[in-house]
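Scroll down for the structure; my scribbles are underneath it.
The values are calculated or read from the model by the stated rules, or taken from the named source; none is laboratory data. The model shown is predicted, which means the values in this text are computed figures rather than measured ones. In this analysis, Cβ positions are derived from the backbone assuming ideal geometry, glycine residues included, and neighbour counts consider all displayed protein chains.
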Amino acid sequence: MDLYKPLVSIIIAVYNGGDYLEGAIKSILVQEYKNYEIIIIDGGSSDNTLEIIDLYKQDIFYTISEPDNGIYSAWNKGLKVASGDWIAFLGSDDILYPHAFQSYINYITDHPNKELLEFISSRINLVNNNLEIIDTVGKAWDWPLFKRNMITWHVGCFHSKNLFAKYGLFDEDYKVSGDYELLLRPKELLQTGYLPVTTVMMRDGGVSTRLLFKAIDETYRAKVKNKIISSSISPLLIYNNKVKLFIKMFLVRIGFIEKL
């Protein structure tokens with residue numbers, strides 16, 4: 001019986017990410033599983049990002065540097081050139097553990113319905129700039145929970161090429177919640193798996209207040225678009241969530257709770 005060795009496309013979107021990009025690339029190069037291609041989409045960086053990309057050009061399948069319309073625009077560019085059976089996205093300041101790809105491949109190989117799998121998530125270590133672990137996150141996809149909140153963390157997840165063939169690319173009108181919107185499209189029909197293994201370190205640089213409120217707006221816009229909720233009730237739910245967020249932020253500021 002032949003071993004299952006699908007090609008994995010790993011897409012990195014970067015813009016002025018010279019401080020950490022090399023670490024992200026190196027974490028791919030040391031993967032135990034070797035059948036992969038690296039795709040780097042640069043948004044027109046003005047720092048040393050392009051020098052780092054050039055340093056590793058022999059290891060990179062495809063790269064381009066030009067202005068884009070945000071991360072989902074960059075990811076779509078990567079998807080259009082990706083030839084992998086499975087596709088993963090890595091932040092330019094994230095670091096994969098060496099076992100990441102092999103753990104996913106082992107999981108897929110042993111799955112009774114591997115031909116149907118479209119999306120597989122795992123666990124993620126949130127770390128500070130010194131790579132000290134702050135928290136570990138990532139839950140199994142569950143439709144009743146997912147249609148309420150984004151319970152999976154996108155970094156490092158495996159997406160079948162069939163997912164994009166069936167449901168399309170990312171909607172570039174979204175700036176922070178496009179990954180959530182994409183996974184809402186299949187609704188309960190999404191064929192998922194969960195790997196209870198920590199596969200990646202994600203730097204927690206802190207999310208700005210503006211982005212937190214924008215994420216609420218986009219989340220509910222995605223729910224309306226995919227007919228999860230009606231457009232008439234969406235404004236009330238947005239208002240309610242923003243009030244809750246404001247209260248939590250105030251409680252964090254006065255030290256009553258530790259984090260949002």
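So here's what we get for this one:
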quantity	calculated
Hits in segment 148-180 - residues which are among the aromatic types (Phe, Trp, Tyr), surrounded by 18 or more Cβ atoms within 10 Å (Cβ to Cβ) and either free of Cβ contacts under 8 Å to residues at least 40 places away in the same chain or within 23 Å of Leu116 (Cβ to Cβ) (or both)	Trp153, Phe158, Phe164, Phe170, Tyr180
Wholly enclosed strands (runs of 3 or more DSSP E) of segment 74-187 bearing at least 2 residues touching a His at 6+ places or on another chain (Cβ under 7 Å) and at pLDDT 95 or above	86-91
Counted residues, segment 1-36 - those being under 16 Å from Phe61 (Cα atoms) and touching a Gly at 6+ places or on another chain (Cβ under 6 Å)	4
Number of the condition not met by Ser83 [criteria: (1) on the phi < 0 side of the Ramachandran plot; (2) surrounded by 15 or more Cβ atoms within 10 Å (Cβ to Cβ); (3) touching a residue at least 24 places away in the same chain (Cβ under 8 Å); (4) not β-branched (Val, Ile, Thr)]	(2)
Candidate set from segment 1-31 (those that are within 23 Å of Val176 (Cα to Cα) and among the polar types (S, T, N, Q)); member that is surrounded by the fewest Cβ atoms within 10 Å (Cβ to Cβ)	Asn16
Evaluation of Ser232 against (1) free of Cβ contacts under 8 Å to residues at least 12 places away in the same chain; (2) within 30 Å of Asn130 (Cβ to Cβ) (one fails), failing number	(2)
Test: residue in segment 14-28 that is assigned to a helix (DSSP H, G or I), touching a Pro at 6+ places or on another chain (Cβ under 9 Å) and modelled with pLDDT of 95 or more	yes
